[in-house]
Amino acid sequence: MSFFTVDSISLQFGGLKAVDKVSFSVEKGEIFTIIGPNGAGKTSIFNLISRLYDPTSGKLFFEGRDITEVPAHQIAKLGIARTFQNIELFENATMLANLLVGRHCHATTQLWQEILFLPSVRRAEKEHRRKVEEVIEFLDLQAYREKLIAGLPYGVRKVVEVARALCSEPKLILLDEPSSGLNVEETDDMSFWIRDIRTELGVTVLMVEHDMTLVNRVSDRVLALNYGKVLASGTPAEVQAHPDVIAAYLGA
Amino acid sequence: MRFVFKTDYDQDIRLLKHSGYWWSYGVLLAALIAFPYLVGSYLQSQIVFVFIYAIVGVALIILTGFTGQASLGHAAFLAIGAYTAGFLQSQGISFIVYFPAAAIITGAVGAMVGFPALRLSGIYLVIATIAFAFIVEEILARWESVTHGNEGMRVRTLDFLGQPVPRDGDAFYFLCLLVLVGSILLALNLLRSPTGRAFIAIRDSETAAKSMGIDLAGYKVKSFAISAALTGMAGVLFAHKMSFISPEMFTLLLSIEFIMVIIIGGAFGVHGAVLGAIFIVMVDPFLTALKDDVPVLGASLASSLGMSSEGSGKLRDTMSAIGSAAGLKGAIYGLIIMMFILFEPYGLYGRWLKVKLFFQLFPLYKKATFKRQKTYVKSERNR
Ligand SMILES: Nc1ncnc2c1ncn2[C@@H]1O[C@H](COP(=O)(O)OP(=O)(O)OP(=O)(O)O)[C@@H](O)[C@H]1O
Ligand SMILES: [Mg+2]
């Protein structure tokens, strides 16, 4: 069985089929991209995977395990982390605090130990901090440790979100439009980081992306979606040459 | 300006980050220890109330400031702590048992309130906590075998392992100070460990918190329980300080006072609890003065300005009528809250930080330093 499998999953909002019997699978170490026009259902698929939404039908498998019924807050612990299309950072906290929240799924200390701040808590905290510093180093965020998120520029926030996801040491990372709102230079950096996430950290990447240059540059495989249905999948070149995809994008 | 060079992760974990803090907090603590020997009994008594209010303030900051869950029911938690103390003491149980027992019982009730609160937020949560407080008030009035109903209940002098600790004495002052320092340490310790960060995460984005592996339900209940337990402890001290408790002492107005503590002090840091408590406890004597002295003052001012004695007498009567009108306190509180939310959303502590920064950076301070920038719009649809 594949590393990660979406099996004929559907999601309905009232009469609207946001996701309609979508199936695909992602192999370990792959960069897999979902593309599609606005409202195609891409974010909805991510929300299904991170269990924020319950599917109307269909199943999800991660490392051979059925995760369709796993509660949302246990997904991170399994090794799936994500970013959000419209940035969901903890605005009134420092970047460091945000990244440390990313470590939450590895927290081992008990409430009573934390209240007394026992040596075990201090040790665990330093361990978390070391891991966070690795990610800060990896994504060049050294300048922002003590800064409140609310005061950071948009481009930096996008990177901080990726950093927070990486802090949980995921096996699979979901990136929802990592380059949206970034300028050309920032998009360039992002594409290098996405490749590094795969090659240096060995994390499988599943992303949603509109910027076709970025998609072509980093993706191994692409899935095109429209009105919740799969139009085509394959290598970036194959998908972009597919007549249905061209029709969907040109609105014909 | 001070530049702090960091060479160790411990430096970010430590509570007192550099030598300057050691100095200022050391001096503060020394002053607080010296106070009972320096000030009169009235002021000492007021400071004890500051401590008690500050403990509740810390509790509310954990729930509202950190976790983002509003509550107008904390008077009820205070009542539960107070009545637990009063009842258990009357059964001959010792302070070292009923003090933790009050914390545990109130904490358990807090957790129970937390459960239905899981599905509520914002104004609905506020209403639910008010409803809870009314229920508690009603139970206190009706459950006469334990609470003596509306007649109220006398609370005997605190007895600490055979040592009486009278409510006006220095020992009681130090006990309250100790509990306050303990609660502050508890809050700060939480803040530097996973639970406190989970609270903050829930406050700022529930969706992201969930995806980071935070169990919303569990942590909201924990936050309610911790907040209630601290308030319960404050309740024990309150009961002893008042030496008499009755249901009408724990009304909505008291809950509003508690909320004011953190709105005025600033809900984003523990300092706010203390500053807000000082403000609230000191505003009461001020209001009393307003009621008694201002009408007289106004009348004498008017007569010295050449008003007839009849006219100035009338003026005095009207002014004292306004001063003693029912609900004046509530109205003034409402006004203060509005002013703070409009002009000082970060409370007195926020103002203090701004003043401090002004002097640190002088003459480079920019007015916009504390302006929040909103760089994008969050849409509801795409999480
Ligand atoms: N919570 C919701 N309630 C009702 N309808 C929703 C909800 N979330 C999404 N939808 C609808 O589902 C469809 C798919 O939305 P989705 O956000 O998945 O699109 P998308 O492919 O991510 O689009 P975009 O490129 O704009 O991000 C849209 O028609 C949207 O209006
Ligand atoms: Mg989307």
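The values are calculated or read from the model by the stated rules, or taken from the named source; none is laboratory data. Just so it is clear, the model here is predicted, and its values are computed rather than measured. Here the Cβ is made from the backbone with ideal geometry for all residues, glycine too, and neighbour counts use every protein chain on show. For accessibility, only protein heavy atoms count, side chains too; no ligands or nucleic acids. Shrake-Rupley method; radii C 1.70, N 1.55, O 1.52, S 1.80 Å.
Structural remarks
- Region A:1-104, Rg to Rh (Cα coordinates; Rh as Kirkwood inverse mean 1/r): 0.99
- Reciprocal mean inverse distance between Cα atoms of region B:284-366 - Kirkwood radius, Å: 15.8 Å
- For region B:1-102, the carbon plus sulfur part of the accessible surface works out to 70%, probe radius 1.4 Å.
- Of all beta bridges that DSSP places with both ends in chain A, some 55 percent have antiparallel geometry.
- Mean Kyte hydropathy of 1.6 or more with a Cα span along the axis of at least 27 Å, helices from DSSP in chain B: B:41-60, B:95-117, B:122-142, B:170-191
- With the alpha-carbon atoms of the protein assembly as shown aligned to their principal axes, the span from lowest to highest coordinate is 96, 61, 55 Å, starting with the largest.
- Size-normalised alpha-carbon gyration radius of region B:59-111, reference 2.2 N^0.38 Å: 1.27
- Sparse-neighbour loop sites [trypsin sites (Lys or Arg not before Pro); region B:132-174; at most 15 other C-beta within 10 Å; DSSP]: B:R156
- One Cα centroid belongs to region B:173-216, the other to region B:104-156; the line between them spans 23 Å.
- Loop-resident trypsin sites (Lys or Arg not before Pro) (DSSP state other than H, G, I, E or B) in region A:1-70 with no more than 15 further Cβ atoms inside 10 Å of their Cβ: A:K28.
- Surface analysis of the protein assembly as shown yields an accessible area of 46 Å² per residue, using protein heavy atoms and a 1.4 Å probe.
- Legend: Rg and Dmax of chain B, from Cα coordinates, 23.0, 76 Å.
- Peptides B:12-18, A:149-155 ranked from most to least packed, by the mean per-residue count of other Cβ atoms within 10 Å: A:149-155, B:12-18.
- Per-residue surface analysis assigns A:R122 an accessible area of about 80 Å², computed on protein heavy atoms at 1.4 Å probe radius.
- According to the Cα-based calculation, Rg over Rh for region B:177-300 is 1.10, with Rh computed by the Kirkwood formula.
- Radius of gyration (Cα atoms) of region B:22-156, expressed as a multiple of 2.2 N^0.38 Å: 1.25.
- FRET E, pair B:L120, B:V146, Förster distance 25 Å, beta-carbon r, rounded to 0.05: 0.25
- Residue-normalised convex hull volume from the C-alpha trace of chain A: 139 Å³ per residue.
- Model label points for B:F244 and B:Y25, set 7 angstrom from Cα along the Cα-to-Cβ axis, are 4.0 nm apart.
- Once exposed loop GluC sites (Glu not before Pro) are cut out (DSSP; at most 13 other Cβ, 10 Å), longest piece of chain A: A:70-145
- Spin-label pair B:I104-B:S41: with each label point 7 Å from Cα along the Cα-Cβ axis, the two points sit 3.7 nm from one another.
- When accessible surface is computed with a 1.4 Å probe, chains A and B are found to bury approximately 4100 Å² between them, both chains counted.
- Region A:176-252-region B:331-346 distance, computed between alpha-carbon centres (Å): 50 Å
- Accessible area of B:I47 (1.4 Å probe, protein heavy atoms only, ligands and nucleic acids ignored): about 20 Å².
- Pair-distance distribution of region A:89-171: all C-alpha pairs, bin width 10 Å, starting at 0; shares per bin in whole percent are 19, 48, 27, 6.
- For chain B: relative contact order, % (alpha-carbon pairs under 8 angstrom, 6 or more apart): 26 percent
- A simple spin-label model places pseudo-atoms 7 Å from Cα toward Cβ; at B:L16 and A:D244 they are separated by 6.9 nm.
- Dividing the C-alpha radius of gyration of region B:129-171 by 2.2 N^0.38 Å, with N its residue count, gives 1.64.
- When only alpha carbons are used to place a centre, region A:1-72 and region A:109-135 end up 34 Å from one another.
- Helix-only CD estimate at 222 nm, as mean residue ellipticity for the protein assembly as shown, using -39500 (n - 2.57) per DSSP H run (n ≥ 4): -18500 deg cm²/dmol
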